[in-house]
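Here the structure is laid out as structure tokens; the discussion comes afterwards.
Quick note: the coordinates plus some simple rules give every number you see, no bench work behind them. Bear in mind the structure is a predicted one, so any value in this text is a computation, not a measurement. So basically every Cβ, Gly included, is an ideal-geometry build from the backbone, and we count neighbours across all protein chains shown.
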């Protein structure tokens, strides 16, 4: 059985203040403590489980299996904190794009350059759906 170390005191209060789930089998391509920490970092940055597992080269189903293990309570708490932080960050980006717009530069045939700007409504709608979904799931809990 793999020895786990407690989180560093400097990480207290962050999503990285968790105890990694010990591995049942030793696998170089498995959910090592480093892979778990990188997944939590990616989840915090992206706010999406699918994107975070791809970033660390793991599968979505295996991430959820890891989360559901009896000894994964600390990892699950870090997951919840990281995804909430990531979704808040993504929502902030979308609102910034809605208020300030985005600049699109296109090079046309013949070398002409077209510069246009405006809100990125696709990102805004996605952020609003995510926020509405998060609120709806909290209300049903």
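Give the Debye-formula value of log10 I(q)/I(0) at each listed q (0.26 Å⁻¹), with one equal scatterer per alpha carbon of segment 27-112, two decimals each. The Debye formula, applied to the Cα set alone, gives -1.26. Taking a point 7 Å from the Cα of residue 85 along the Cα-to-Cβ direction, the residues of segment 36-61 with backbone N closer than 20 Å to it are 36-57.
In which sequence would 81, 99, 43 go, from the one with the fewest C-beta neighbours within 10 Å to the one with the most?
If I rank by nearby Cβ atoms, fewest first, I get 99, 81, 43.
For segment 36-59, the residues whose backbone nitrogen is under 20 Å from a point 7 Å from the Cα of residue 74, taken along Cα to Cβ, are 36-44. With the simple model of a label 7 Å out from the Cα in the direction of the Cβ, residue 102 to residue 32 spans 3.5 nm. Note on 92, 74: ascending count of other Cβ atoms within 10 Å places them as 92, 74, the fewest first. Hey, with R₀ at 25 Å, roughly what FRET efficiency would residue 121 and residue 45 work out to, going by the Cβ-Cβ distance, to 0.05? Efficiency, from the Cβ-Cβ distance: 0.60.
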